Amino acid sequence: MAALLLKEAGYEVLGIYMCLWDSPRSEHQEYEADHVCHALNIPFYSVDLQKEFEHYVVNYFCQEYQQGRTPNPCVACNQHIKFGFLLDKALSLDVDYLATGHYARIEHSNGSYHLLKAKEASKDQSYFLYTLSQEKLKHVIFPLGSYAKAEIHQIAKQGELPIAPRASQDICFISQKNYGTFLSQRFLSLPGDIVDAQGKILGRHRGIACYTIGQRHGLGLASGKPLYVIKIEPESNRIVLGSERELYSQKVTARELRWVTNDLPIEPITITAKIRYKSSEAEAALFLTRHCDPERSEGEAIYEVCFTQPQRAVTPGQAIVFYKGEEVLGGGTIGEILNTNI
């Protein structure tokens, strides 16, 4: 659909497919991409990014779970693969832009590029794109961002595209969300104690990589009241359980911050923030607590996010993304949970 809309707008378009994973599904997707390009009468290129994907996405995914954190591989893929290696490859073909089917918008005003939410809020994917810099945004187009999903389906039908639109898979390299089996093939996860907030042993866990903050089911415990994972302690290899009330926290750190306009905020600012893709935006204050070492990357700066209202199941390792109205200001990775109702 991105290619069709751009062709209709007068662009000279070519198609590029990135091979990320050696599987029958990947081969079929490449065939589909080639088939669409043939139907649209545009050139087709394929680029092998399996090694890069393994290093920047799959290895990162496993390492985060080993450390008791919950990763966001889609953010990593957008940052390093789609708008990293793929963008570089596309530009090497002497093109001006890389266009994708993301539901988001880009506007240029006052000398800067601005990343905006999609027209249809329920389909907005700007959460996954906060790492895009000014240099990258000037070479990126999101043709679908100004359309509702129903409009896209209608245009696709009218354009007689050979492949029916369908929803993308959550984690492309894991079938049926079988994280436990995939991770067990990558590293050894040792059993340990399940405890309550006071340290009382309640049972045994299968390995910290099998759990995430807020999890209630699959704990293997019989209890007279609902219990949730409220903390994961990789150092002691413990899973801490607590009540629903103990899941809420109001202040967290954010690390590895990226700001769309390139200049990280120095003074405190009021923003809205999303702690996961499907969560609602929540009002918060963002302020710098530790400056970065000038000899190290900007990602070493540590920020605190103080929410106006406590948030449920804030999860270390997940992306936290900051907004001002329709605009994505930037984002980072959730680090420590600084205060809870424990």
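What follows draws every value from the coordinates through simple rules; no lab data is involved. Bear in mind that the values here come from a model prediction, so they are computed numbers and not experimental data. Neighbour counts run over all protein chains shown; Cβ positions are idealised from the backbone, glycine included.
Using +1 at the Cβ of each Lys and Arg and -1 at the Cβ of each Asp and Glu in the chain, identify which of Tyr127, Gln67, Ala197 lies farthest towards the dipole's positive end.
About the Cα centre, the residue reaching furthest to the positive side is Ala197.
How many angstrom lie between the C-alpha centres of region 220-245 and region 17-35?
Here the two parts' Cα centres lie 41 Å apart.
Compute the distance in nm between two label points, each set 7 Å from the Cα along the Cα-to-Cβ direction, one at Glu30 and one at Ser46.
A separation of 0.3 nm, rounded to one decimal place.
In square nanometres and to one decimal, what's the mean projected area of the convex hull around the Cα atoms of region 201-321?
Averaged projected hull area, Cα only: 9.2 nm².
Can you compute the modelled spin-label distance between Lys157 and Phe187, with each label point 7 Å from Cα toward Cβ, in nm?
4.8 nm
Among Ile42, Gln158, Ala3, whose Cα projects farthest towards the positive end of the dipole of region 2-176, with charges put on the beta-carbon of Lys, Arg (+1) and Asp, Glu (-1)?
Checked the options; the winner is Gln158.
I'd like the per residue volume of the convex hull spanned by the Cα atoms of region 2-176, given in cubic angstrom.
137 Å³
Roughly how many debye, to the nearest 20, is the charge dipole of the chain about its Cα centre, given +1 on each Lys and Arg Cβ, -1 on each Asp and Glu Cβ, and no other charges?
1340 debye
Kirkwood Rh and Cα-based Rg: tell me the resulting Rg over Rh for the chain, rounded to two decimals. Kindly include the intermediate steps, with their values, before the conclusion.
Values: Rg = 21.6 Å, Rh = 21.9 Å.
Ratio of gyration radius to Kirkwood radius for the chain: 0.99.
Quick one: length gained pulling Tyr11 to Ser109 fully straight, 0.36 nm per residue minus the C-alpha distance? Kindly include the intermediate steps, with their values, before the conclusion.
On the way: separation 98, 0.36 × 98 = 35.28 nm, distance 2.20 nm.
Fully extending the segment from Tyr11 to Ser109 adds 33.1 nm.
Compute the convex hull volume of the Cα atoms of region 98-159, divide it by the residue count, and report the result per residue in Å³ as a whole number.
Once divided by residue count, the hull of region 98-159 is 84 Å³.
For the chain, what is the relative contact order in percent, using Cα pairs closer than 8 Å and at least 6 residues apart in sequence? If you can, show how the numbers build up before the last one.
Values: 659 pairs, mean separation 53.5, N = 342.
Taking the mean separation of contacting Cα pairs over the length of the chain, I get 16 percent.
To the nearest 20 debye, what charge dipole does region 215-260 have about its Cα centre, counting +1 at the Cβ of each Lys and Arg and -1 at the Cβ of each Asp and Glu?
That gives a dipole near 120 debye.
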